[in-house]
Amino acid sequence: MYFTNITLGQYIPTGSFIHKLDPRAKLFSLLFIISAIFPAKNIFALAFWTALFVLVVYASKISWHIILRAARPVLFLVVFTFIFNLIAVSFSKDFTQGLIRAAFMSSRLLLLMLFAVMLPLTTAPLELADGLDALLRPLERIGFPAHESAMMIGMALRFIPLLMQETDKIIRAQLSRGARLDQGNIFRRVMAFIPVLIPLFIIIFRRADEIALAMEARGYDGGAGRTRRKPLVWKHVDTVAVILCAFTAAAFMFL
């Protein structure tokens, strides 16, 4: 009802070319793309990256409906960025320049988030955790818990949809008891959600305790000496994808 239509953190397997790429290649490519979009200052750069995003969507074979549902939770931040820039620039200059700047800034932020949303949609949580573990492993020399950090990120992505389903169940139960969650001003709506947050936190802590007991029962003792069911294999197509993203991003940043 409220959260069942949100696909944030879900993996949508389609067997496409994008899905078969190594997760490390996807992470590197995403890093290069974000590095190029963030300092973009003209409409031509945004148009190019928008066209690239459309190409990636069609190559991934994921419907636009699913992508828009996955991006729905971040739309509030995009709208807030638009309003903030519109007000800030309109007071110092004029309304037309404020509108142009607000549209440009919010479009850039939306494009960044859309590229970031495509990563969990095209990469299984376990593969993403293995990719992060492999990339962060050199930091273990300075004491950084690479394996544990990657495992926590993968588990968080895995349980986001489950927590949304539990939240929706709690909201439905509260509405059946006569709760008015969607009526009144903002303060009343926030206060009305307190009966939803309390059982949700209880469920979160209960799930975390169950996961900890299951991992302990299976003899989990960190990442030392652990093997993978599906070892990561870096292919030539991964090298080509990373080089193309890096070259394109460097060209837009320096030209």
**OP:** Take the residues in region 82-99 that are in contact with a helix residue (DSSP H, G or I) (Cβ under 7 Å, 6 or more places away or on another chain) and open to solvent by 40 Å² or more (accessible area, probe 1.4 Å), then tell me which one is nearest to Ser35 (Cα to Cα).
**Re:** Phe82
Original post:
Is there any pair linking a residue in region 158-169 that is closer than 18 Å to Ile66 by Cβ to one that is open to solvent by 50 Å² or more (accessible area, probe 1.4 Å) and part of a helix (DSSP H, G or I), with Cβ under 6 Å and at least six apart or on different chains, and which?
Top reply: none
Subject >> Ile170, sole failed condition from (1) within 22 Å of Ala116 (Cα to Cα); (2) open to solvent by less than 60 Å² (accessible area, probe 1.4 Å); (3) at pLDDT 75 or above >> reply: (1)
Original post:
Val79 is checked against (1) closer than 27 Å to Trp49 by Cα; (2) open to solvent by less than 60 Å² (accessible area, probe 1.4 Å) and fails just one. What number does that condition carry?
Top reply: (2)
Original post:
On the given criteria, is Ala102 more than 23 Å from Ala249 (Cβ to Cβ), open to solvent by less than 20 Å² (accessible area, probe 1.4 Å) and not charged (D, E, K, R)?
Top reply: yes
Original post:
Taking only pairs six or more apart or across chains, which ones have beta-carbon atoms under 8 Å, a first residue in region 129-150 that is in contact (Cβ under 8 Å) with a residue 24 or more places away in the chain, and a second residue that is basic (Lys, Arg) and surrounded by 14 or more Cβ atoms within 10 Å (Cβ to Cβ)?
Top reply: Gly131/Arg24; Gly131/Lys26; Ala134/Arg24; Leu135/Arg24; Ala146/Arg137; His147/Arg137
Original post:
Considering region 15-47 alone, what residues qualify as being under 15 Å from Glu127 (Cα atoms), modelled with pLDDT of 85 or more and assigned to a loop (DSSP other than H, G, I, E, B)?
Top reply: Leu21, Asp22
Original post:
Can you tell me how many residues in region 57-81 are outside any loop (DSSP other than H, G, I, E, B), over 13 Å from the mean Cα position of the chain (by Cα) and touching a residue at least 12 places away in the same chain (Cβ under 8 Å)?
Top reply: 8
**OP:** Look through Ala217, Ala246 and report the one residue that is open to solvent by less than 40 Å² (accessible area, probe 1.4 Å) and at pLDDT 80 or above.
**Re:** Ala246
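The values are calculated or read from the model by the stated rules, or taken from the named source; none is laboratory data. This one's a predicted model, so the numbers in the text were calculated from it and none came from an experiment. Please note: Cβ atoms are built from the backbone with ideal geometry, for glycine as well, and neighbour counts cover all protein chains shown. These accessible areas exclude ligands, DNA and RNA; they are computed on the full protein's heavy atoms, side chains included. Shrake-Rupley method; radii C 1.70, N 1.55, O 1.52, S 1.80 Å.
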